[in-house]
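Everything below concerns the one structure shown next.
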Amino acid sequence: QNHLLGIEQLAPDEITTLLDLSDEYVALNRAAEKHGDALNGLTQINMFFENSTRTQASFELAGKRLGADVMNMAMQASSIKKGETLIDTAMTLNAMHPDLLVVRHPHSGAVDLLSQKVNCAVLNAGDGRHEHPTQALLDALTIRRTKGRLHRLNIAICGDIAHSRVARSNMLLLHKMENRIRLIGPPTLVPSAFAELGCEVYENMEEGLRDVDVVMMLRLQKERMDGGFIPSEREYYHLYGLDAEKLAHAKEDAIVMHPGPMNRGVEIDGSIADDINRSVIQDQVEMGVAVRMAAMDLLARNLRERRAAASDAA
Ligand code: CP
């Protein structure tokens, strides 16, 4: 692959290769000396047009730990504010010869469009409600390391699925790896189109959670609700907030996941989020750095090969 734009473009063996390399980077990140050299001499630019804590910080750390020169563009202070378009901004940066562009944008498809205008590797750090591929990969790595496998698991994705790029990328990945996926939430937040992927849809949380191995919680993404129906947080917590009573319907060793940012007392009870026997939320954050190192390492190898082939041909 030249870019990492979505899970949709990845084959199961490519997902496995990426997770295997991520495992190696987990070990490196836990070592006293955390430095590799896979990105030595390369320049990574992070362009975040939407807020981020986990994704931006982990892409920055991942690049630095592998030796890249990393620049975080302050998009709020950029000439986008003076009316420059996304494409003109991207082409301006492209003229400075970056090697890796990490982009988060509020519009679905914007990162794909940008990738067609530049001659470096582009990584999608989340585009609208479309895809968030590195989140799905870090979730997959967390599941594989905790459960010992990434196939034939019963996995519940709960809450605001309609507005979630995390849910979409996870559904695509977990389906490709042959898991059974259940979607749980109010009908207004669970589009029926996802049933096409063979997902079972549940409106009732207790029924949907019965005997699952993995429970993935999602926050209400009000910023993408476009003035549509927004449920009251109190009522939502009562029906769909994960608490001990609802979690008791899942398997005894079921793990609880959340991509963050978390809204305690809305989609998840704080005591469940902090329960070290069930919650793997902090493991997800740790896996995020390793997965982003692996993704950039593999794209950089491909980029170097393409450049060497182009130079041989010249
Ligand atoms: N999970 C996730 O994308 O978090 P951030 O918005 O903090 O990057």
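The values are calculated or read from the model by the stated rules, or taken from the named source; none is laboratory data. Everything numeric here is computed off the predicted structure, so don't read it as measured data. Quick reminder, even Gly has a Cβ in these numbers, built from the backbone with ideal geometry, and neighbours come from all protein chains shown. SASA here: full protein model, heavy atoms, side chains in, ligands and nucleic acids out. Shrake-Rupley method; radii C 1.70, N 1.55, O 1.52, S 1.80 Å.
Observations, loosely collected:
- Subset of the range 33-54 that is among the acidic types (D, E) and either within 21 Å of the chain's Cα centre (by Cα) or modelled with pLDDT of 95 or more (or both) - its residue that is farthest from A290 (Cα to Cα): E50
- Filter result for the condition that a residue is more than 16 Å from Y237 (Cα to Cα) and within 16 Å of the ligand (Cβ to nearest atom), over L153, L173, L218, L183: L173
- Residue that is farthest from L123 (Cα to Cα) [pool: residues in the range 21-50 that are open to solvent by 70 Å² or more (accessible area, probe 1.4 Å) and assigned to a helix (DSSP H, G or I)]: R30
- At least 3 residues being within 24 Å of Q135 (Cα to Cα) and more than 16 Å from the ligand (Cβ to nearest atom) is the threshold, and among the helices (runs of 4 or more DSSP H) wholly inside the range 221-296 those reaching it are 270-273.
- For the range 229-250, a residue qualifies if it is of a type in the set (K, R) and open to solvent by 70 Å² or more (accessible area, probe 1.4 Å), and exactly one does: R234.
- Odd one out for R168, checked against (1) part of a loop (DSSP other than H, G, I, E, B); (2) within 16 Å of the ligand (Cβ to nearest atom): (1)
- If you check D274, D312 for being open to solvent by 10 Å² or more (accessible area, probe 1.4 Å), free of Cβ contacts under 8 Å to residues at least 12 places away in the same chain and over 27 Å from G67 (Cα atoms), only one passes: D274.
- Total residues in the range 207-220, condition surrounded by 14 or more Cβ atoms within 10 Å (Cβ to Cβ) and outside any strand (DSSP E or B): 8
- In the range 111-150, of all residues being away from the ligand (no atom under 16 Å from the Cβ) and free of Cβ contacts under 8 Å to residues at least 40 places away in the same chain, the one that is surrounded by the most Cβ atoms within 10 Å (Cβ to Cβ) corresponds to L114.
- Only one of A62, A57 that is within 14 Å of the ligand (Cβ to nearest atom), surrounded by fewer than 18 Cβ atoms within 10 Å (Cβ to Cβ) and within 20 Å of the chain's Cα centre (by Cα): A57
- Residue in the range 65-95 that is least open to solvent (accessible area, probe 1.4 Å), counting only those that are small (G, A, S) and without any contact (Cβ under 8 Å) to a residue 24 or more places away in the chain: S78
- Taken together, the criteria place R104 among residues that are in contact with a Phe, Trp or Tyr (Cβ under 9 Å, 6 or more places away or on another chain), within 16 Å of the ligand (Cβ to nearest atom) and more than 29 Å from D213 (Cα to Cα).
- Among the candidates S52, S78, S22, residue that is within 16 Å of the ligand (Cβ to nearest atom) and of a type in the set (S, T, Y): S52
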